[in-house]
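Q: If you scroll down you'll find the structure; I have some questions about it.
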Amino acid sequence: MVVVLTMSTEPQLGAIAEIPVGQGVVRFIGTTSFAAGKWVGIELYEANGKNNGTINGTAYFTCKPNYGVFVRPSQVKVIGSERDLPPEASNNVRCNSHERAIR
């Protein structure tokens, strides 16, 4: 018997991701009102972002100011999962976030 495992090429909510401006956790995946197409919202580990998860009055996720950024899925490299983090590190990142995927 042969078992074939397939991995999604799309990032998933809670994935630890690397993007051009740094690393963070995927908090939003879906369409937005600010631009056409699919977007990935990431809560960065450092204040290298452009927002707090809110764009033009619409909250897609929440995080500290300048810790949020939206990128195209093609810019995201998944390097792990929040489940891989020790509990204290995971709690620090998750404290102000709610996650949402729109498909």
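Q: When segment 19-30 is examined, which residues are found to be assigned to a strand (DSSP E or B) and within 16 Å of Lys50 (Cα to Cα)? Step through it out loud before you land on a result.
A: First, the residues of segment 19-30 that are assigned to a strand (DSSP E or B): 19, 22-30.
Within segment 19-30, Ile19, Gly22, Gln23, Gly24, Val25, Val26, Arg27, Phe28 meet the criteria.
Q: Return the residue satisfying two criteria in turn: it lies in segment 9-26 and is at pLDDT 95 or above and over 14 Å from Arg83 (Cα atoms), and of such residues it is surrounded by the most Cβ atoms within 10 Å (Cβ to Cβ).
A: In this case the residue turns out to be Ile19.
Q: Among the candidates Ser97, Ser33, which residue alone is small (Gly, Ala, Ser), assigned to a loop (DSSP other than H, G, I, E, B), touching a strand residue (DSSP E or B) at 6+ places or on another chain (Cβ under 8 Å) and at pLDDT 95 or above? I'd like the intermediate steps shown before the answer.
A: On the way: Ser97 fails: at pLDDT 95 or above.
So the residue among Ser97, Ser33 that is small (Gly, Ala, Ser), assigned to a loop (DSSP other than H, G, I, E, B), touching a strand residue (DSSP E or B) at 6+ places or on another chain (Cβ under 8 Å) and at pLDDT 95 or above is Ser33.
Q: Here's a check for you: in segment 41-56, which residue that is more than 21 Å from Ser74 (Cα to Cα) and either touching a strand residue (DSSP E or B) at 6+ places or on another chain (Cβ under 6 Å) or of a type in the set (Val, Ile, Thr) (or both) is surrounded by the fewest Cβ atoms within 10 Å (Cβ to Cβ)? Before you say what the answer is, go through the steps one by one.
A: Start the filter on segment 41-56 by keeping residues that are more than 21 Å from Ser74 (Cα to Cα), which leaves 46-47, 52, 54, 56.
Right, trim to either touching a strand residue (DSSP E or B) at 6+ places or on another chain (Cβ under 6 Å) or of a type in the set (Val, Ile, Thr) (or both) and you get 46, 52, 54.
On the way: Glu46: 11, Asn52: 17, Thr54: 14.
Residue satisfying both the conditions and the ranking: Glu46.
Q: Here's another thing I want to ask about it. Within segment 63-94, can you find the residues that are at pLDDT 90 or above and not hydrophobic (A, V, I, L, M, F, W, C)?
A: Going through segment 63-94, the residues at pLDDT 90 or above turn out to be 63-80.
Lys64, Pro65, Asn66, Tyr67, Gly68, Arg72, Pro73, Ser74, Gln75, Lys77, Gly80, listed by residue number.
Q: Could you list, in sequence order, all residues of segment 52-75 that are more than 10 Å from Gly24 (Cα to Cα), within 13 Å of the chain's Cα centre (by Cα), outside any helix (DSSP H, G or I) and of a type outside the set (Phe, Trp, Tyr)?
A: Listed by number, the residues that qualify are Asn52, Gly53, Thr62, Cys63, Val71, Arg72.
The values are calculated or read from the model by the stated rules, or taken from the named source; none is laboratory data. The structure displayed is predicted, hence computed values, not measured ones. Glycine gets a Cβ as well: all are built from the backbone with ideal geometry, and neighbour counts include every protein chain shown.
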